[in-house]
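The values are calculated or read from the model by the stated rules, or taken from the named source; none is laboratory data. As the structure is a computational prediction, the values presented were derived from the model and not from experiment. A quick note on method: Cβ atoms are made from the backbone with ideal geometry, for glycine too, and the neighbour counts reach across all protein chains shown. Surface accessibility is based on the protein's heavy atoms, side chains included, excluding ligands, DNA and RNA. Shrake-Rupley method; radii C 1.70, N 1.55, O 1.52, S 1.80 Å.
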Amino acid sequence: MVLEFGEKLTDTSIEAIIEEKKPAIVVTTSKRARKVMEQLNLVYEGEIEISKVEFCKIETQQECLAGSLCIPKLLDILGSRYKMLFFINRMHIVIVNDDDFSERLIRRIQRRRTNQGDTKEKFLYNYILEFMNRDLEILVEYERKIMKIEEEVLLGRTDHFQETIMPLRRKILMLRGYYDELMDMGKELEENENLFFAKKQIIYFGTITDRADRLMGKTVHLLEYLQQVQDAYQSQIDAKQNSNMQFLTIISTIFFPLTLITSWYGMNFKNMPELESGYPGVICLSIIVLILCILLFKRKKIF
């Protein structure tokens, strides 16, 4: 796909772009990328391997800006990601993508926006914001899930708490790192080290940085909320354990004097009191001790 910068992005041919020396956006595959970049006189000193893309970042070289995008799939955050490379010089933007993700983004920009990409800065702004478009909606959905988990915890329904909360926590942690990378990328574009961008239009990149910052702030809030819910869950568990320990302590306290009495009379010394006919007396003594323990616990409001 080759598109000219203009009021509306329109498909054109790479040969026409080269002949007329017009600035353009070129979307190509990793196999054809090197040849396309040579045609456009876009020099990049490095490998072009999409499989090695793991982060969103920008590298400034003498002849171009080289960047990579590693975008989570919103319906499967923990799964595979959309990966692509992009290269920018004074005239052109080359996007290297082995699937149709970039084409779909550009088509969405063409459908939704009237001022689609008349400059490099405007196109990059639209392009990056397009794949960040639904992120806030996803984060709000995660917030609702956490609220539902909190309600379940308060109602004492904690059977599947860990199985529910741990994948959610991993997703939010991944998104936090992703937004941090996008924020750094926006700052790198704002610095405009190679002066490839017009000073008046760098403001677009500030908007990208601000959007990524707000999204990262939302993920931090969700992680703190998750921690609060986890603390509430732990409090429920601790309360149950304390209740169980209290019950066991009461049982032990009741049976300790009874054990002492039965142990004493179980020794069968020759001169022990009530040795010949002490069985009924031991039973009565045990009942009296049991009643006294229960009255004492009730007075202390232990149960």
| message | Compute and list, largest first, the equivalent-ellipsoid semi-axes of the stretch 60-128 from the alpha carbon gyration tensor, each √(5λ) rounded to a whole angstrom. | response | 22, 18, 9
| query | In degrees between 0 and 90, to the nearest 10, how far off the longest principal axis of the chain does helix 279-299 point, with axes built from Cα atoms? | reply | 40 degrees
| request: Using a 1.4 angstrom probe on the protein heavy atoms only, line up 150, 38 by accessible area, largest first. | output: 38, 150
| Difference of contour (0.36 nm per residue) and Cα-Cα distance, residue 221 to residue 243 | 4.6 nm
| note | Expressed as a percent, the accessible surface of the stretch 68-115 that is carbon or sulfur, using a 1.4 Å probe and the full set of protein chains, is 49 percent
| Per residue, how much accessible area does the stretch 1-87 show when a 1.4 Å probe rolls over the protein heavy atoms, in square angstrom? | 54 Å²
| query | When the accessible area of the stretch 1-67 is computed with all protein chains present and a 1.4 Å probe, what percentage of it is carbon and sulfur? | reply | 47 percent
| Going 7 Å from the Cα of residue 155 in the Cα-to-Cβ direction, what parts of the stretch 224-242 have a backbone nitrogen less than 20 Å from that spot? | 226, 229-237, 240
| task | Assign unit charges at the C-beta atoms only (+1 for Lys and Arg, -1 for Asp and Glu), then state the dipole size of the chain relative to its Cα centre in Debye, rounded to the nearest 20. | result | 960 debye
| request: Could you point to the label whose value was computed as Rg and Dmax of the Cα atoms in Å for the structure here, given (1) 21.2, 67; (2) 21.9, 88; (3) 35.2, 123? | output: (3)
| said: As an exercise, identify the chymotrypsin sites (Phe, Trp or Tyr not before Pro) in the stretch 1-86 lying in DSSP coil whose Cβ has no more than 14 other Cβ atoms within 10 Å. | reply: 55
| note | Under Stokes-Einstein, the stretch 105-159 at 20 °C and 1.002 mPa s, with its Kirkwood radius over C-alpha pairs, diffuses with a coefficient in µm²/s of 155 µm²/s
| said: So, R0 is 41 Å and r is the distance between the beta-carbons of residue 191 and residue 147; what FRET efficiency does that work out to, to 0.05? | reply: 0.55
| task | Sticking with the crude label model, points 7 Å out along Cα→Cβ, report the distance from residue 32 to residue 49 in nm, one decimal please. | result | 2.3 nm
| query | Counting pairs of alpha carbon atoms under 8 Å apart in space and at least six apart in sequence, what relative contact order in percent does the stretch 183-227 give? | reply | 45 percent
| Say each of residue 263 and residue 174 gets a label point 7 Å from the Cα, pointing the same way as Cα to Cβ; how far apart are those two points in nm? | 5.9 nm
| message | Can you find, among 74, 95, 123, the residue sitting farthest towards the positive end of the charge dipole of the stretch 1-134, where Lys and Arg contribute +1 and Asp and Glu -1 at Cβ? | response | 74
| message | What whole-number distance in Å separates the alpha-carbon centres of the stretch 102-174 and the stretch 1-52? | response | 30 Å
| query | Rounded to the nearest whole Å², what accessible area per residue is found for the stretch 109-160 with the 1.4 Å probe? | reply | 54 Å²
| query | 222 nm [θ] for the chain, helices only, -39500 (n - 2.57) per DSSP H run of 4+, per residue, to 500? | reply | -20500 deg cm²/dmol
| query | Which chymotrypsin sites (Phe, Trp or Tyr not before Pro) in the stretch 88-156 pass both tests, a DSSP loop state and at most 15 other beta-carbon atoms within 10 Å? | reply | none
| said: Viscosity 1.306 mPa s, temperature 10 °C: give me the Stokes-Einstein translational D for the stretch 63-186 in µm²/s, with Rh taken as the Kirkwood radius over C-alpha pairs. | reply: 94 µm²/s
| Rounded tilt (10° steps) of 161-191 against the dominant C-alpha axis of the chain | 30 degrees
| Of the accessible area of the stretch 134-288, with the probe set at 1.4 angstrom, what percent is carbon plus sulfur? | 58 percent
| Relative contact order computed over the chain (Cα-Cα under 8 Å; 6+ residues apart), in percent | 15 percent
| Can you give the FRET efficiency for residue 163 and residue 21, using 1/(1 + (r/R0)^6), R0 = 51 Å, r = Cβ-Cβ distance, to the nearest 0.05? | 0.30
| task | Could you tell me which of 48, 221, 189 has its Cα farthest along the dipole of the chain towards the positive end, charges placed at Cβ (Lys, Arg +1; Asp, Glu -1), taken about the Cα centre? | result | 221
| remark: For residue 22, the lysines lying under 22 Å Cα to Cα, once residues fewer than eight places off in the same chain are dropped, come out as 8, 35, 120, 122, 199, 200
